[in-house]
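Following: one structure in structure tokens, then a few remarks.
Every number here is computed from the coordinates shown, using simple stated rules; none is lab data. It should be emphasised that the depicted structure is a prediction, and the values quoted were computed from it without experimental measurement. Here the Cβ positions follow ideal geometry from the backbone for every residue, glycine too, while neighbour counts run over all protein chains shown.
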Amino acid sequence: MTKEKKKKEEEIGFDFGIGGLFKGIEKLIDLAGKLEEAGGEIKKEGEIDLSHLKQGMKGVFGFSIKTMEGGRHVVEPFGNIKKTPKGPKVEEEREPITDVFDEKENVVVIAEMPGINEEAISLDLKDDILEIKAVSKDRKYHKEVLLPAKVKAENLTSSYTNGILKVVIKKF
């Protein structure tokens with residue numbers, strides 16, 4: 001590591017390596033208590049150049065911490081870097097960041113999946129799990145979303161605009 005990079009890391013208090021990623025996540029989870037007071041959401045994301053492992057490969061990581069009713073915190077990771085017992089692993093598929101809204105008559109799922117065409121998206125609903133997949137020349141996304149209510153698969157509608165997928169499913 002160069003002296004300049006080390007100095008930059010010390011100035012902002014963040015290690016740009018994979019190990020630093022998980023240390024940084026731990027620090028941000030500690031901030032969740034402060035988030036409760038603010039009543040909002042914290043999002044952090046980044047990218048690591050991994051072209052030394054595979055031509056054009058990038059590690060994309062991030063997470064969102066939200067405060068729900070009753071002060072409960074929900075941490076949702078996204079990206080293509082997964083924590084395993086053997087250490088961090090970079091996968092070709094990215095996990096999109098998603099939001100799930102339990103409305104009066106519908107469940108609405110919003111997923112951020114930039115860089116793909118609408119035709120590349122496939123949705124599969126089995127009971128209360130919505131599987132989202134998208135494959136393009138440069139990007140792959142995959143996520144299974146647990147829905148908060150029973151829904152009717154035949155009443156699923158979706159739209160995709162500017163990298164944002166919106167899925168609306170009627171409840172029973």
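Key figures
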| read-out | value |
| --- | --- |
| From phi via Karplus (6.51, -1.76, 1.60), per-residue ³J(HN,Hα) for the range 109-121 in Hz, x at Gly/Pro | 10, 10, 10, 8, 9, x, x, 10, 9, 4, 5, 7, 8 |
| Estimated FRET transfer efficiency (residue 89, residue 155; beta-carbon r; R0 25 Å; 0.05) | 0.10 |
| Fewest-first sequence of 143, 137 by Cβ atoms within 10 Å of each Cβ | 137, 143 |
| Two-site FRET efficiency, residue 75 against residue 129, from Cβ-Cβ distance with R₀ of 22 Å, rounded to 0.05 | 0.65 |
| Distance-filtered residues of the range 153-171 - backbone nitrogen under 15 Å, label point 7 angstrom along residue 105 Cα→Cβ | 155-157, 168-171 |
| Too-long pairs where the Cα-Cα distance tops 29 Å, listed order kept, from 83/152; 58/143; 86/133 | 83/152 |
| Burial ordering of 160, 141, fewest other beta-carbon atoms within 10 Å first | 160, 141 |
